[in-house]
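Student: Next up is a structure, given as structure tokens.
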Amino acid sequence: MVASTSPSDHLPCVVQLGFAGSRRLFDLPLDQSNSESALHDQVQAYLLEKLLSLPLELQLSDNHFLCCISQVAIGADMLLTRACQALNIPQRIFLPQHRDAYLSAVGAQNQPDFSEIQREESLKLLASPHVIQSRLVSEAADRTTRFEDTNQEILRVSDVVICLLRHGAEGQSGGTNDMLKLAQSVGKPTLEIRVAVRDGKLEFNEQWHGKSNFEMPKLPEEIARLSAPHVHHPSQLPTVAQYCEVVKNHVSERALRYSRWFSWAALVIIGTHILGTLLATIVLAFHPSYSALFLLCELALLVTGLMVHRWLHHSHPSQLWALARLLAEINRSVRALGDIHLYLQYLFWLRLPDNVRSLLRTLNVLHLRSTREFHAESGEHWLLHREAYLRNRLIDPDPAQGQIAYYKFQRQKHSRAMSRATRMFAICSVVAILASLCEFVVLSTTPNHAQTSASSHTEPESDQLVEQASEVGHVLNTGELTTRFLGLLAVVLPVLAVGALSWAAAQDYHARVTTFGEMVDFLEQQRDRIQRVSSARQLQRLVVETESRLLGETAEWYNRRSFTGVA
């Protein structure tokens, strides 16, 4: 249920803060180099205060939380990482090359980027629990291109950017100045901070660029006001399992409700028009004494169908159903990963609606954070994760859990429904054809019979004439009734046949049967492949492939269902 609570009790939503900073923050004479450490401590304290004040500066709600994204270079990047560590802010590290090669890299002047002490400190920071991801983002051969790729990726995934530069620093390709210029060129909200040493004191000059362009991340309206899961301390974030459970339970119930609403509306629209057609045809064919009542009933049915159609058009239960099911499947997918530590890249590969992007980013951060301790799995831990994934996600015999059982059940269910609709269309069409043919035969033979009867006795006696006239009248009356009844069938049955097809199209039977059959084959193959994997990396690759296909099917269904009405 949606709780009417304060914003701080609502589901958390991530704000991703990109960061880039100068490696050398100060131009100090050699005789003052020993004071650089103290100055770094002051910069770190400044960054700590800035991270605390930034939510208020951006007017974030209490349910927003920060996740910093940066490299882990010497200088400003390392100071930011320390500040995040002190505040326990989740941090994602983007690297231009593999960690060991990055920490051992040599610059343009053939000088190592990291001293031995700095390398050890970087490794300690990377091992800190607040660092939830260490991600390689570039495979370029050129050093400058690697750093440019990293800047672009940090900028792409960030909601807001901070650039901390030395006063008067000249830009280098792939450096912080490049990041600042790139952020300004795309209109990304960016805080430029210049630091200088004057009279032995630090001065920080701040300037915002494009702050008005900041779009506060928002969860979809369907879940925005849900109560956050219970945690031991208000400053803590829920685990991804707790988060997904709250969202999935809520939207699954709504998806079922919206599905019923749409099915009910489709049935009413189709049914009222078929019954209205039947009543109108009865009036035309038989002219009963209570024709006015029939016409009033027909009018009521048509008005009802029209009103339900207008409600369907304005309330969009089909779109609401599609969105609720999509949200449920997203959270079910993430929850099914269990303790497998991986970047949820498949969430961002798929063609999902823009209004769920903040949810995807939040789930990604929470999953990385919740599974942080399993990022460097050793021994046989990954085997336990494999068995849990197979059991809970694929091979559970309960269709509510195991996806193989679910898709088999759904394929059979929709196949039977499609067969019923197809049979109904065929039966109604065949009977309508026969009724039209019989009507043609009756209309062709009845007048001839009367004419023959009249001409065969040119001068009948009076009593014979009365008898024959009665027989002809009876034949004509029976033929007329038969003709009208057959005409009724010829009109109503085609409408009923089209109604069966409209129902099948509204329920998307054919597409779903085909999709479910293909999905069963795929999942059975993936089950066998996952059972044979021999490393954690293979497991991660196959799990991402499986979840991409599972969620991709729902995404395709969402895009199709959102624009499906009642034909």
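The values are calculated or read from the model by the stated rules, or taken from the named source; none is laboratory data. This structure is a prediction, so every number in the text was calculated from the model and none was measured. Neighbour counts are summed over all protein chains in view; Cβ atoms, including those assigned to glycine, are modelled from backbone coordinates with ideal geometry. These accessible areas exclude ligands, DNA and RNA; they are computed on the full protein's heavy atoms, side chains included. Shrake-Rupley method; radii C 1.70, N 1.55, O 1.52, S 1.80 Å.
Student: Name the residue that is nearest to GLU329 (Cα to Cα), counting only residues in the stretch 386-439 that are acidic (Asp, Glu) and open to solvent by less than 50 Å² (accessible area, probe 1.4 Å).
Tutor: Taking the stretch 386-439 and keeping what is acidic (Asp, Glu), we get 387, 396, 398, 439.
Filter once more, keeping what is open to solvent by less than 50 Å² (accessible area, probe 1.4 Å): 396, 439.
Details: ASP396: 17, GLU439: 54 Å.
This residue is ASP396.
Student: Please tell me if GLN540 is in a helix (DSSP H, G or I), without any contact (Cβ under 8 Å) to a residue 60 or more places away in the chain and open to solvent by 20 Å² or more (accessible area, probe 1.4 Å). Steps first, answer last, please.
Tutor: On the way: in a helix (DSSP H, G or I): yes; without any contact (Cβ under 8 Å) to a residue 60 or more places away in the chain: no; open to solvent by 20 Å² or more (accessible area, probe 1.4 Å): yes.
Considered against the rule, which asks whether it is in a helix (DSSP H, G or I), without any contact (Cβ under 8 Å) to a residue 60 or more places away in the chain and open to solvent by 20 Å² or more (accessible area, probe 1.4 Å), GLN540 comes out as no.
Student: Condition check: closer than 30 Å to GLN42 by Cα and at pLDDT 95 or above. Does LEU191 satisfy that? Before the answer, list the steps.
Tutor: Values: closer than 30 Å to GLN42 by Cα: yes; at pLDDT 95 or above: yes.
So LEU191 passes the test.
Student: Continuing with the same structure: Out of everything in the stretch 95-139 that is hydrophobic (A, V, I, L, M, F, W, C), at pLDDT 90 or above and open to solvent by 80 Å² or more (accessible area, probe 1.4 Å), what residue ends up being nearest to PHE19 (Cα to Cα)?
Tutor: In this case the residue turns out to be LEU136.
For every residue, the table says whether it meets (1) modelled with pLDDT under 85; (2) closer than 21 Å to ARG369 by Cα; (3) open to solvent by less than 40 Å² (accessible area, probe 1.4 Å).
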position: GLU222; (1), (2), (3): no, no, yes
position: ALA228; (1), (2), (3): no, yes, yes
position: HIS232; (1), (2), (3): yes, yes, no
position: TYR243; (1), (2), (3): no, yes, yes
position: ARG260; (1), (2), (3): yes, no, no
position: GLY271; (1), (2), (3): yes, no, yes
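Student: Which count do you get for residues in the stretch 330-355 that are within 12 Å of TYR558 (Cβ to Cβ), modelled with pLDDT under 95 and crowded, with 20+ Cβ neighbours inside 10 Å?
Tutor: 1
Student: Is there a residue in the stretch 423-444 that is closer than 30 Å to GLY552 by Cα and not in a loop (DSSP other than H, G, I, E, B)? Break it down into steps so the answer makes sense when it comes.
Tutor: Initially, the stretch 423-444 is screened for residues closer than 30 Å to GLY552 by Cα, giving none.
Taking every residue of the stretch 423-444 in turn, none turns out to be closer than 30 Å to GLY552 by Cα and not in a loop (DSSP other than H, G, I, E, B).
Student: Can you tell me which residue in the stretch 188-207 is nearest to ILE154 (Cα to Cα), limited to those that are part of a loop (DSSP other than H, G, I, E, B) and open to solvent by 30 Å² or more (accessible area, probe 1.4 Å)? First the steps, then the outcome.
Tutor: Initially, the stretch 188-207 is screened for residues part of a loop (DSSP other than H, G, I, E, B), giving 188-189, 199-200.
Of the ones still in play, those that are also open to solvent by 30 Å² or more (accessible area, probe 1.4 Å) are 188, 199-200.
On the way: LYS188: 12, ASP199: 35, GLY200: 33 Å.
Looking at the filtered set, the residue picked out is LYS188.
Student: Do any residues in the stretch 99-125 that are among the aromatic types (Phe, Trp, Tyr) have Cβ atoms under 7 Å from those of residues that are assigned to a strand (DSSP E or B) and open to solvent by less than 50 Å² (accessible area, probe 1.4 Å), where the two are at least six apart or on different chains, and which pairs are they?
Tutor: TYR102/LEU95
Student: To continue, here is another question. From the residues in the stretch 208-220 that are open to solvent by less than 40 Å² (accessible area, probe 1.4 Å) and over 30 Å from LEU165 (Cβ atoms), which one is nearest to the chain's Cα centre (by Cα)?
Tutor: Residues of the stretch 208-220 open to solvent by less than 40 Å² (accessible area, probe 1.4 Å): 209-210, 214, 217, 219-220.
Subsequent filtering for residues that are over 30 Å from LEU165 (Cβ atoms) retains 219-220.
Working: LEU219: 12, PRO220: 10 Å.
Across the stretch 208-220, the extreme among qualifying residues is PRO220.
Student: Quick check on this structure: which one of LEU80, LEU17, LEU51, LEU47 is at pLDDT 95 or above and under 28 Å from the mean Cα position of the chain (by Cα)?
Tutor: The match here is LEU17.
Student: May I pose another question? Among the numbered criteria (1) open to solvent by less than 80 Å² (accessible area, probe 1.4 Å); (2) farther than 18 Å from ILE223 by Cβ; (3) out of contact with any Pro (no Cβ under 6 Å at 6 or more places or on another chain); (4) not aliphatic (A, V, I, L, M), which single criterion is violated by TRP321?
Tutor: Just one mismatch for TRP321, condition (2).
Student: Among the residues of the stretch 512-521, which ones are touching a helix residue (DSSP H, G or I) at 6+ places or on another chain (Cβ under 8 Å) and open to solvent by 30 Å² or more (accessible area, probe 1.4 Å)?
Tutor: Result: THR515, single match.
Student: Now for a different question. Checking ASP508 against (1) closer than 17 Å to LEU390 by Cα; (2) open to solvent by less than 70 Å² (accessible area, probe 1.4 Å); (3) acidic (Asp, Glu): exactly one of these is not met. Which one?
Tutor: Against the list (1) closer than 17 Å to LEU390 by Cα; (2) open to solvent by less than 70 Å² (accessible area, probe 1.4 Å); (3) acidic (Asp, Glu), ASP508 comes up short only on (1).
Student: Return the pair list, or none, for Cβ contacts closer than 6 Å from residues in the stretch 356-373 that are closer than 15 Å to HIS64 by Cα and modelled with pLDDT of 95 or more to residues that are open to solvent by less than 10 Å² (accessible area, probe 1.4 Å) and of a type in the set (Phe, Trp, Tyr), at least 6 apart or on different chains.
Tutor: LEU366/TYR243
Student: If SER61 meets every condition in (1) assigned to a loop (DSSP other than H, G, I, E, B); (2) under 24 Å from GLN207 (Cβ atoms) apart from one, which number is that one?
Tutor: (2)
Student: Identify, by number, the condition in (1) part of a helix (DSSP H, G or I); (2) closer than 30 Å to ALA490 by Cα; (3) open to solvent by less than 70 Å² (accessible area, probe 1.4 Å) that PRO288 doesn't meet.
Tutor: (1)
Student: Condition first: open to solvent by 80 Å² or more (accessible area, probe 1.4 Å) and not in a helix (DSSP H, G or I). Now tell me which residues in the stretch 84-94 satisfy that. Break it down stepwise before answering.
Tutor: So in the stretch 84-94, the residues open to solvent by 80 Å² or more (accessible area, probe 1.4 Å) come out as 85, 88.
Residue satisfying the conditions is ASN88 alone.
Student: For MET179, only one of the following conditions fails: (1) buried (at least 17 other Cβ atoms within 10 Å of the Cβ); (2) assigned to a strand (DSSP E or B); (3) in contact (Cβ under 8 Å) with a residue 40 or more places away in the chain. What is its number?
Tutor: Failing condition for MET179: (2).
Student: Can we say LEU359 is closer than 30 Å to LEU384 by Cα and touching a helix residue (DSSP H, G or I) at 6+ places or on another chain (Cβ under 9 Å)? Outline the logic, then answer.
Tutor: Details: closer than 30 Å to LEU384 by Cα: yes; touching a helix residue (DSSP H, G or I) at 6+ places or on another chain (Cβ under 9 Å): yes.
Considered against the rule, which asks whether it is closer than 30 Å to LEU384 by Cα and touching a helix residue (DSSP H, G or I) at 6+ places or on another chain (Cβ under 9 Å), LEU359 comes out as yes.
Student: Taking the options GLU524, GLU545, GLU553, name whichever one is out of contact with any Lys or Arg (no Cβ under 8 Å at 6 or more places or on another chain), open to solvent by less than 30 Å² (accessible area, probe 1.4 Å) and at pLDDT 80 or above. Walk me through it before giving the result.
Tutor: Working: GLU524 fails: open to solvent by less than 30 Å² (accessible area, probe 1.4 Å); GLU545 fails: open to solvent by less than 30 Å² (accessible area, probe 1.4 Å).
Selected residue: GLU553, the only one of GLU524, GLU545, GLU553 that is out of contact with any Lys or Arg (no Cβ under 8 Å at 6 or more places or on another chain), open to solvent by less than 30 Å² (accessible area, probe 1.4 Å) and at pLDDT 80 or above.
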